[in-house]
Amino acid sequence: MAIFAVQYTYTEATIPARDTHRPAHRSYLRDLANEGAVLSSGAYPDGSGALLLFRAESDEAMRELVDKDPFVSENLVERVEIKEWLPVIGTFSE
């Protein structure tokens with residue numbers, strides 16, 4: 001399975017809605033973490049976005065996981081960037 005780095009970019013305009021949908025967003029990601037699909041996730045301290053690390057079978061499967069995230073389905077993410085990532089050193093390397 002491939003590892004993907006997913007970057008979310010936020011705008012200040014979505015802060016109230018993100019606050020509202022954050023419990024569902026975190027619950028969704030927590031469930032995926034329990035299944036082994038989410039390796040790690042977290043927001044940038046400056047509030048500009050977040051970085052999420054996933055395992056998925058394909059680009060298409062990865063896109064489906066992201067599209068089901070409440071932050072994405074509620075249009076609270078300005079930009080989603082998905083890149084396959086090949087770690088060679090450290091915790092996520094094979």
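Values quoted throughout were computed directly from the atomic coordinates according to the rules given, and no laboratory measurement underlies them. This structure is a prediction, so every number in the text was calculated from the model and none was measured. Glycine also receives a Cβ, built like all others from the backbone with ideal geometry; neighbour counts cover every protein chain displayed.
Structure summary
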item: Residue match in the stretch 70-84 (condition: hydrophobic (A, V, I, L, M, F, W, C) and more than 18 Å from Ala17 (Cα to Cα)); result: yes
item: Looking only at the stretch 1-14, and only at residues there that are over 13 Å from the mean Cα position of the chain (by Cα) and closer than 12 Å to Glu78 by Cβ, the one that is surrounded by the most Cβ atoms within 10 Å (Cβ to Cβ); result: Thr14
item: Which numbered condition Glu84 fails, given (1) free of Cβ contacts under 8 Å to residues at least 12 places away in the same chain; (2) out of contact with any Leu (no Cβ under 7 Å at 6 or more places or on another chain); result: (1)
item: Count of the stretch 38-51 residues which are of a type outside the set (Val, Ile, Thr) and in contact with a helix residue (DSSP H, G or I) (Cβ under 6 Å, 6 or more places away or on another chain); result: 1
item: Answer from Thr20, Thr14 - the residue that is in a helix (DSSP H, G or I) and in contact with an Asp or Glu (Cβ under 8 Å, 6 or more places away or on another chain); result: Thr14
item: Among the residues listed as Ala61, Ala33, Ala50, the single one being within 12 Å of the chain's Cα centre (by Cα), surrounded by 13 or more Cβ atoms within 10 Å (Cβ to Cβ) and farther than 10 Å from Val6 by Cβ; result: Ala33
item: Pick from the stretch 64-83, criterion in a loop (DSSP other than H, G, I, E, B) and crowded, with 19+ Cβ neighbours inside 10 Å, ranking: farthest from the chain's Cα centre (by Cα); result: Leu76
item: Cross-chain or 6+ apart pairs with Cβ under 9 Å, the stretch 1-29 first and without any contact (Cβ under 8 Å) to a residue 12 or more places away in the chain, then part of a loop (DSSP other than H, G, I, E, B) and of a type in the set (Asp, Glu); result: Ala13/Glu78; Thr20/Glu74
